[in-house]
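Here it is, the structure in full.
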Amino acid sequence: QVQLVESGGGLVQAGGSLRLSCAASGRTFSSYAMGWFRQAPGKQRELVAGISSGGSIYYADSVKGRFTISRDSAKNTVYLQMNSLKPEDTAVYYCAADNRRSYVSGSPGVYDYWGQGTQVTVSS
């Protein structure tokens with residue numbers, strides 16, 4: 001069993017930055033593919049960034065060049081550094097863990113574990 005706990009959300013002005021953290025329990029954290037998803041009101045949950053167990057990284061086109069995902073296996077933590085935030089980045093952000101695939105999947109349904117979510121609000 002893996003538990004994921006996100007932190008770091010909040011209210012920020014457009015152009016600002018936030019860093020989200022996802023702390024995971026479990027001994028085999030480093031073997032999981034990890035994803036950061038977001039869901040805005042009335043929209044589907046979408047993959048924003050992901051990192052495979054081998055370190056391959058994926059970014060959605062909408063965040064390329066602005067967001068950076070990283071993982072610290074010693075701390076069992078995945079981070080999402082978000083810079084140059086825009087109002088359209090406003091959403092609840094979730095981290096998720098997939099222990100069956102070595103690559104990052106964009107389908108929320110394949111992820112085995114989810115955090116509780118953290119709200120990110122970007123004002124214009």
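With +1 on each Lys and Arg Cβ and -1 on each Asp and Glu Cβ, and nothing else charged, work out how big the dipole of the chain is about its Cα centre, in Debye to the nearest 20.
In debye, rounded to 20, the chain gives about 120.
Hey, another quick one. Which residue, chosen from M82, Y94, V122, occupies the Cα position most advanced towards the positive end of the dipole of the stretch 65-124, where the dipole is computed from +1 (Lys, Arg) and -1 (Asp, Glu) charges on Cβ about the Cα centre?
Positive-most Cα among the choices belongs to M82.
Then there's this: Could you do me a favour and compute the accessible area per residue for the stretch 4-124, 1.4 Å probe, result in Å²?
48
In the stretch 58-88, which trypsin sites (Lys or Arg not before Pro) fall in coil by DSSP and have 14 or fewer other Cβ atoms within 10 Å?
Working: sites: K64, R66, R71, K75; in loops: K64, R66, K75.
Counting only loop positions with at most 14 other Cβ atoms within 10 Å, the trypsin sites (Lys or Arg not before Pro) in the stretch 58-88 are K64, K75.
Just add up the charged neighbours of L20: K/R +1, D/E -1, any other residue whose Cβ is under 12 Å from the Cβ of L20.
On the way: positive: R19, R38; negative: E6, D89.
That sum, taken over residues with Cβ under 12 Å, equals 0.
Something else: Normalised by the empirical 2.2 N^0.38 Å for globular proteins, what value does the Cα Rg of the stretch 1-78 take?
1.15
Once amide H atoms are built 1.01 Å from N in the peptide plane, which residues 5 or more positions from G16, or in another chain, come under 5 Å H to H?
It is L85, by chain and number.
Anyone know which of D98, D72, D61 comes out most mobile in the 10 Å Cα GNM of the chain?
Judging by the Gaussian network model, the answer is D61.
So which residue, out of L20, L11, L47, gets the largest mean-square fluctuation from a GNM of the chain using Cα contacts under 10 Å as springs?
Sorting by GNM fluctuation, first place goes to L11.
Can I ask one more? For the chain, give the percent of accessible area contributed by carbon and sulfur heavy atoms, probe 1.4 Å, rounded to a whole number.
Within the chain, the accessible surface is 46 percent carbon and sulfur.
The values are calculated or read from the model by the stated rules, or taken from the named source; none is laboratory data. As the structure is a computational prediction, the values presented were derived from the model and not from experiment. In this analysis, Cβ positions are derived from the backbone assuming ideal geometry, glycine residues included, and neighbour counts consider all displayed protein chains. We work out accessible area using only protein heavy atoms, side chains counted, and drop any ligands, DNA or RNA first. Shrake-Rupley method; radii C 1.70, N 1.55, O 1.52, S 1.80 Å.
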